[in-house]
Amino acid sequence: MTEKGLADVIAAETKISDIDGKLGKLWYAGYSIDDLAENASFEEVLFLLQHIRLPSQRELDELIEQMIEYREAADFLAGLMPTLAEQTSPMSMLRTAVSAASAHDPDGWDNSTEAVYRKAIRITSVMPTLIASYDRHRRGLDVVESNPKLPHAANFLYLLSGEEPTQEAARAFDVQFILYADHTMNASTFTARVVASTLSDIHSAVVAAIAALKGPLHGGANELAMRMLEEIGSVDRAEQYVKDLFARGDKIMGFGHRVYRTVDDPRATILRRLSREMGETTGEPIWFEISEKVEQVVLAEKGLRPNVDFYAGSLLHYLGLPTDLFTPMFAAARSAGWTAHIREQYADNRIIRPDSDYIGPRDQVYVPVEQRAEEEAAAS
Ligand code: COA
């Protein structure tokens, strides 16, 4: 008898990330998430996930240069964007645009290790450009050119608003990118590895991962968490709101986790602090204050703790992201981990093909449809 939802099933061996759900610890290639969030940049983390070691200064400079070059979207993609902005939701746009990017990748259908690595970096580099140009189009604004002086995350904020972010905002967003970059065998990463295991191409595997992330039980939770805070509107309404939600039997978004069950998700601990700080800086502490109250009530009522998506909601709001771009932003960061997992899968592949427990009827005998109709008529 299989555990529903494949809980506790080991689906792959990986060197990319590791979790201790009891201790509330997360490591990327052996480095604790607290250490990386405190000291590293997203670019270093991208290198770490791809190479299972930190880069030298020269390697980091090369990667940064490569990422700046790869930020530009192909003309073909830029041309698609007005239609996508008019016709699709942000995650559908991203799914479609990454799929379309495969047709215009300079490495074409080359699946050599080197070409796949370049594609991994291209996919990760271009995602913010796609998301921001989509947003600028739908708001009737001119698309902003990338600023090569800005790091990956800060440039994303710049592409959205046309203004250079403050150092504090840039760092908070960089940390958000780091925290979202990987998380072992979550649903979208597993999806990416399944697709890669058939030796399909890296773009297809990332497109499938985006599709998995889109759902509210996975990446969609950060957006829904923010919408809930807006619906609550004030700290004194939080308790009743949460109680009513549970009374209806609804799930609260941004809470609960398959792996962290009794301790805090370490990413939520970092994001709680950043959300508080950004709340103070922006002079809009209300979203943090409501979040904190919701957290207290949910813990008291259900014993559930916030996951990465809960405080990401208020933090991304403080950083000026439109709420419906929270999940695409998650995808942009997680592309670092997805592509690392896809490459790891290719490097030591066996097609992922689990088994199932059959629980349907047995020993049935086929009866032609005419005879079934006769039998039905006779019975009525
Ligand atoms: N709100 C209310 N109840 C919740 C809950 C939530 N957010 N998360 C878990 N629970 C309850 C479950 O209903 C279950 O109750 P039961 O034992 O009475 O049936 C119990 O807690 C155990 O949860 P379970 O369903 O086993 O969790 P899971 O491992 O299958 O699912 C999540 C994990 C993350 C999908 C789940 O917690 C969830 O849906 N959370 C909300 C969405 C979210 O924030 N997703 C982002 C994940 S990073």
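Brief remarks follow.
- Among the residues of the range 284-309, those that are within 15 Å of ARG237 (Cβ to Cβ), touching a Gly at 6+ places or on another chain (Cβ under 8 Å) and not hydrophobic (A, V, I, L, M, F, W, C) comprise GLU289, SER291.
Okay, residues lined up against (1) within 16 Å of the ligand (Cβ to nearest atom); (2) basic (Lys, Arg); (3) assigned to a helix (DSSP H, G or I):
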| position | (1), (2), (3) |
| --- | --- |
| VAL9 | yes, no, no |
| THR14 | no, no, no |
| LYS22 | yes, yes, no |
| ASP35 | no, no, yes |
| GLU38 | no, no, yes |
| VAL45 | no, no, yes |
| ARG53 | no, yes, no |
| ARG58 | no, yes, yes |
| MET67 | no, no, yes |
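- Test: residue in the range 40-55 that is more than 13 Å from ILE178 (Cβ to Cβ), in contact (Cβ under 8 Å) with a residue 40 or more places away in the chain and in contact with a strand residue (DSSP E or B) (Cβ under 9 Å, 6 or more places away or on another chain): no
- Condition check for LEU271 on (1) open to solvent by less than 30 Å² (accessible area, probe 1.4 Å); (2) near the ligand (Cβ under 8 Å from one of its atoms): one failure, at (2).
- One residue alone among LEU150, LEU199 is farther than 19 Å from ILE68 by Cα and not in a helix (DSSP H, G or I), and that residue is LEU199.
- Pairs, first under 19 Å from LEU60 (Cα atoms) and polar (S, T, N, Q) in the range 109-125, second open to solvent by less than 40 Å² (accessible area, probe 1.4 Å) and not in a helix (DSSP H, G or I), C-beta under 7 Å, six or more apart: SER125/ARG71
- Checking each residue in the range 212-250 for being within 12 Å of the ligand (Cβ to nearest atom), part of a loop (DSSP other than H, G, I, E, B) and modelled with pLDDT of 95 or more picks out ARG248, GLY249, ASP250.
- Single residue of GLU72, GLU38, GLU114 found to be farther than 27 Å from LEU325 by Cα and of a type outside the set (A, V, I, L, M): GLU114
- Members of the range 251-268 found to be more than 12 Å from the ligand (Cβ to nearest atom) and touching a Phe, Trp or Tyr at 6+ places or on another chain (Cβ under 9 Å), listed by number: PRO266
- Filter result for THR124 (within 18 Å of THR327 (Cα to Cα) and either open to solvent by 10 Å² or more (accessible area, probe 1.4 Å) or basic (Lys, Arg) (or both)): no
- Of all residues in the range 179-199, those that are away from the ligand (no atom under 16 Å from the Cβ) and either open to solvent by less than 30 Å² (accessible area, probe 1.4 Å) or in contact with a Ser or Thr (Cβ under 6 Å, 6 or more places away or on another chain) (or both) total 5.
- Within the range 253-272, residues that are assigned to a loop (DSSP other than H, G, I, E, B) reach partners that are more than 9 Å from the ligand (Cβ to nearest atom) with beta carbons closer than 6 Å, at six or more positions or on different chains, in the pairs VAL259/ILE19; VAL259/GLY21; TYR260/GLY21; TYR260/GLY24; VAL263/GLY24; ASP264/GLY24; ASP264/ARG305.
- Residue ranges of helices (runs of 4 or more DSSP H) in the range 288-380 with at least 2 members within 16 Å of the ligand (Cβ to nearest atom) and surrounded by 23 or more Cβ atoms within 10 Å (Cβ to Cβ): 308-318, 326-347
- Residue identified as surrounded by 15 or more Cβ atoms within 10 Å (Cβ to Cβ) and within 20 Å of the chain's Cα centre (by Cα) among SER17, SER32: SER17
- Under the condition of being more than 9 Å from the chain's Cα centre (by Cα) and under 18 Å from LYS119 (Cβ atoms), the residues counted in the range 323-354 number 13.
The values are calculated or read from the model by the stated rules, or taken from the named source; none is laboratory data. A quick note: this is a predicted structure, and the numbers were derived from the prediction, not measured. No Cβ is skipped: glycine too gets one built from the backbone with ideal geometry, and neighbour counts run over all protein chains shown. When the accessible area is computed, the model is the full protein with side chains, heavy atoms only, and any ligands, DNA or RNA have been set aside. Shrake-Rupley method; radii C 1.70, N 1.55, O 1.52, S 1.80 Å.
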